[in-house]
There are 2 protein chains.
Amino acid sequence: MTEPIYFVSLGPGEPELMTLQAFRLLERCSRIYTPVAIAPTGKRSSKATEIMLSLGIRAEQLISYDLPMSKQREGAERAYRRVADEIISLRQMGCDECIAVVAEGDSGFYSSSAYIGDHLLEAGLSIKQLAGVPAFIACNALIGGQLVQLEEQLRVIPGEATEAEWTEAWSSQHTIVVMKGSLCQDEIQRAVRAYPERKWHYLEFVGQEREYYSTDLEEICTRKFPYFSIIISKTR
Amino acid sequence: MTEPIYFVSLGPGEPELMTLQAFRLLERCSRIYTPVAIAPTGKRSSKATEIMLSLGIRAEQLISYDLPMSKQREGAERAYRRVADEIISLRQMGCDECIAVVAEGDSGFYSSSAYIGDHLLEAGLSIKQLAGVPAFIACNALIGGQLVQLEEQLRVIPGEATEAEWTEAWSSQHTIVVMKGSLCQDEIQRAVRAYPERKWHYLEFVGQEREYYSTDLEEICTRKFPYFSIIISKTR
């Protein structure tokens, strides 16, 4: 039987936060489909490539594909479609190599590479997903202590929510994690002022060289949030 | 400078889901404080020990401590206090060995071992927390596809919530993860019947030999949930 196509989670950025399972699988893969982010300015970057090379995965194992970064999703969808089509024709031609598609963080947690999986499943291929550490878990390890404990609930908001949902979140006793800070900078800065009794943790680019962490309310309220920022708000 | 005390996340049960960082740290630790769960029947078990031994960590590195499993928390608190006191006196006596305290899953996500950390911080010791894969992320990898995508929110409920919170969860478009199924079996079985348009995934002991997964609503509605069960409910 042909091997499944592996969807491999690389973790939140620090190479050593990859799991043993992911690392051992990547070591034996001959084709690792790896996204290269293309910013609207044309700038190219690939955190995924950096993570793998720094762990000794060889450049010749990697097959890079360009991934346009934009709220308009057509460019990304075309890129994913091309990767899926290439994998499907490889398997149709009888190629039984070990093939992986990698994603930063956990590949099942707000990871757009899953669209590749949808196309592969439609074509009758089988898939195995390898879990990873999501970015918000790494953020909490940096802060230290418990993200949630005992009967506390956790709510994760990916940058956008209705006014009623925001209000309900801040008024609750629960822990709130907000991702993609640039999409909701005004809302967060308003909430920091309106709910100062909550504990506010602001983090950018965790696990990378430009990592930044602050609990200073004035600093959070005046900062310009990049897309890769995470806010953790707790009641203790 | 003395090394910090490391709080090391072992991941959700499958040994290979430990991170490279956790594994490499444990390899060089001379004292790894490891919980042995004591059931109300007196039965002893230690998933943490199994995970580490199966990866080649040596028995002589492990320092087991008994952890009574009960909703009454006094026994567990005494156990954590004893571990903390032992670590504090080791450091006070000038011992600079590499010391770790391990927890299953992620040590900052509903992990009671954090109480040890509180005592260490009070005594002026420094702590470093190593992130891991939480159990619900491993459950989602087994299911396949996206736990949450685009603007979907995630809510994690640790087995207990108010009636208003349950109703709000099931009526929303969001993904709901419920842990510790035995604490809310009636509520879940009622919700499966009341909200059949949601997708329901029921999982037990993921990553262990007795792993069990079902999406069969009749099966979910008649099953007796153990404590280590997770329910994932999505609207797609």
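The values are calculated or read from the model by the stated rules, or taken from the named source; none is laboratory data. Source: prediction; values computed, not measured. Positions of Cβ are backbone-derived with ideal geometry, glycine not excepted, and every protein chain shown enters the neighbour counts. Only protein heavy atoms, including side chains, enter the accessible area calculation; ligands, DNA and RNA are left aside. Shrake-Rupley method; radii C 1.70, N 1.55, O 1.52, S 1.80 Å.
Choose one answer from A:ARG73, A:ARG31, A:ARG58: the residue with the largest mean-square fluctuation in a GNM of chain A with alpha-carbon springs under 10 Å.
Between A:ARG73, A:ARG31, A:ARG58, it is A:ARG73 that shows the largest mean-square fluctuation.
Please arrange B:TYR227, B:TYR80 by accessible surface area, largest first, computed with a 1.4 Å probe and ligands excluded.
B:TYR227, B:TYR80
For A:LYS199, go through the aspartates and glutamates and keep the ones whose alpha-carbon is under 17 Å away, minus same-chain ones fewer than eight residues off.
A:GLU152, A:GLU168, A:GLU187, A:ASP216, A:GLU218, A:GLU219
What Kirkwood hydrodynamic radius, in Å, does the range B:5-130 give when the mean of 1/r is taken over all pairs of distinct Cα atoms and then inverted?
Final number for the Kirkwood radius of the range B:5-130 is 14.7 Å.
So what is the diffusion coefficient of the range B:75-205 in µm² per second by Stokes-Einstein at 37 °C and 0.692 mPa s, using a Kirkwood Rh over Cα pairs?
185
Return the percentage of antiparallel bridges among DSSP beta bridges fully within chain B, rounded to the nearest 5 %.
So the antiparallel bridges amount to about 40 percent of the total.
Taking a ≥ b ≥ c as the square roots of the Cα gyration tensor eigenvalues, with a/c under 1.5 meaning rounded and otherwise prolate when a/b beats b/c, else oblate, which class fits the protein assembly as shown?
Because its axes are fairly even, with a/c under 1.5, the protein assembly as shown counts as rounded.
Compare each residue of the range A:2-26 in its chain alone against the assembly with all protein chains, and report those whose accessible area goes down by 40 Å² or more; 1.4 Å probe, heavy atoms.
A:GLU16, A:LEU17, A:THR19, A:LEU20, A:GLN21, A:ARG24
Just the accessible area per residue of the protein assembly as shown, please: how many Å² with a 1.4 Å probe?
44
For n ≥ 4 DSSP H runs only, could you compute -39500 (n - 2.57) per run for chain B, divide by its residues and tell me the 222 nm figure to the nearest 500?
Calculated mean residue ellipticity at 222 nm is -9500 deg cm²/dmol.
May I have the extent of the alpha carbons of the range A:102-150 along their three principal axes, as whole Å values ordered from largest to smallest?
45, 21, 14
For chain A, which whole-number percentage of the solvent-accessible area (1.4 Å probe, protein heavy atoms only) is attributable to carbon and sulfur atoms?
51
Placing unit charges on C-beta atoms (Lys and Arg positive, Asp and Glu negative, everything else neutral), compute the dipole magnitude of chain A about its Cα centre in debye, rounded to 20.
Dipole of chain A, to the nearest 20 debye: 240 debye.
Classify chain B from the C-alpha gyration tensor, please: rounded if a/c falls under 1.5, else prolate or oblate depending on whether a/b exceeds b/c.
Prolate, since a/c reaches 1.5 and a/b exceeds b/c.
When the convex hull of the C-alpha atoms of the range B:1-43 is computed, what volume per residue in Å³ does it have?
113
Taking a cut-off of 19 Å between Cα atoms, list the aspartates and glutamates near A:LYS47, but don't count ones fewer than 8 places away on the same chain.
Of all the aspartates and glutamates, those that pass the test against A:LYS47 - Cα under 19 Å, at least 8 places apart if same chain - are A:GLU14, A:GLU16, A:GLU27, A:GLU60, A:ASP66, A:GLU104, A:ASP106, A:GLU204, A:GLU209, A:GLU211.
So for the range B:135-234, considering every pair of alpha-carbon atoms, how many percent are separated by more than 25 Å?
9
Report the calculated FRET efficiency for B:SER172 and B:GLU60 (r = Cβ-Cβ distance, R0 = 41 Å), to the nearest 0.05.
In this case the efficiency is close to 0.20.
Which of the lysines could a cross-linker bridge to A:LYS43, judged by Cα under 23 Å and excluding same-chain residues fewer than eight apart?
Cross-link targets: A:LYS71, A:LYS180, A:LYS224.
Placing the label point 7 Å from Cα along the Cα-to-Cβ direction, what are the distances from B:GLU218 to the equivalent spots in the other copies, shortest first, in nm to one decimal?
So the label point of B:GLU218 gives 6.7 nm to the other copies.
What's the buried accessible area, both sides, between A and B using a 1.4 Å probe, rounded to 100 Å²?
Buried area between the two chains comes out at roughly 4200 Å².
Distance between the C-alpha centers of the range A:1-33 and the range A:128-157? Whole Å please.
21
Please work out the Cα center distance from the range A:198-236 to the range B:186-236, rounded to the nearest Å.
Going from one Cα centre to the other spans 36 Å.
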